[in-house]
1. Hey, what's the per residue convex hull volume over the C-alpha atoms of segment 19-83, in cubic angstrom?
2. With Cβ to Cβ distances under 14 Å as the rule, what net charge do the other residues near LEU52 carry (K, R +1; D, E -1)?
3. Can you give me the % of accessible surface on segment 1-92 that is carbon or sulfur? Probe 1.4 Å, all protein chains present, nothing else counted.
4. Through the Karplus equation 6.51 cos²θ - 1.76 cosθ + 1.60, θ set to phi - 60°, convert the phi angles of segment 7-15 into ³J(HN,Hα) values in whole Hz; use x for Gly and Pro.
5. Any idea how far the Cα center of segment 60-78 sits from the one of segment 137-209, in Å?
6. If you bin every alpha carbon distance in segment 170-209 into 5 Å steps from zero, what whole percent lands in each bin?
7. Using the per-residue mean of other Cβ atoms lying within 10 Å as a proxy for protection, in what order, highest first, do the peptides 29-41, 148-160, 183-195 fall?
8. Considering all alpha-carbon pairs of the chain, what whole percent are spaced by more than 22 angstrom?
Amino acid sequence: MQEKQLDKESMKGTIYVLLSAVCFSTGGVLIKSIPWSSITIQGIRSIFSFMLIASYMVITKRKFVWNKTVLFGAVCNTAMALTFVSATKMTTAANAIVLQFTEPIFVILLMWALYKKKPKKAAVVACAVVFAGIFLDSLSAGGMAGNLLAVFSGFTYALVMMMKSFPGADFESSLLASHVISLSIGLPSFLGETDHSAKAWICIILLGV
């Protein structure tokens, strides 16, 4: 019975990972399709994402939490999302997605630096080879600045993931606060946009959701 339950949970996790991969890939295409600046895109899509996450918290009866850890997570998530959108605009969507997923490498390095949890040599070698491989391969397919922004997005993504284990952390609350920050930053830029076609709005709504 327990093995069946574990298999069921494992399958559910695999499906979630697959859906997440589809969303990331679709996100890259949508960002490329929206004729707005990166700051505007991140700010306006945050409206629809905020509505979705807030609805989820209401349905699951999760309370909004506010403390220094939540604020730290919100700032990191804002930086992660904004640099990812900017990278996608400046380089290929594939580059931005792949380079952002250097995140596990940064988690290992940060755990080593901050908590003295030395990784095994095999893990260090694997991380070095993977990082070098995906970065060097990406240089020929997109702009250097976009690639570097994507790597920085991976670093801040690592901080977001680590934040979940910090005392007082609440991921959903950090996400909501992050959307408020993004909207505050992006709203002035939005006022200067001139293309308000149906296509742009459909893409931004889908991106937020």
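1. Details: hull volume 6.9 nm³, N = 65.
About 106 Å³ per residue, rounded to a whole number.
2. +1
3. Percent of accessible area from carbon and sulfur atoms in segment 1-92: 70.
4. 3J(HN,Hα) across segment 7-15, in whole Hz: 5, 5, 5, 5, 5, 4, x, 5, 5.
5. 16 Å
6. Answer for segment 170-209: a P(r) of 6, 19, 18, 27, 17, 8, 4, 1 percent.
7. Packing proxy ranking, top to bottom: 148-160, 29-41, 183-195.
8. 56 percent
The values are calculated or read from the model by the stated rules, or taken from the named source; none is laboratory data. Model, not experiment: these values are computed from the prediction. Neighbour counts are summed over all protein chains in view; Cβ atoms, including those assigned to glycine, are modelled from backbone coordinates with ideal geometry. Keep in mind that these areas ignore ligands, DNA and RNA; they rest on the heavy atoms of the full protein, side chains included. Shrake-Rupley method; radii C 1.70, N 1.55, O 1.52, S 1.80 Å.
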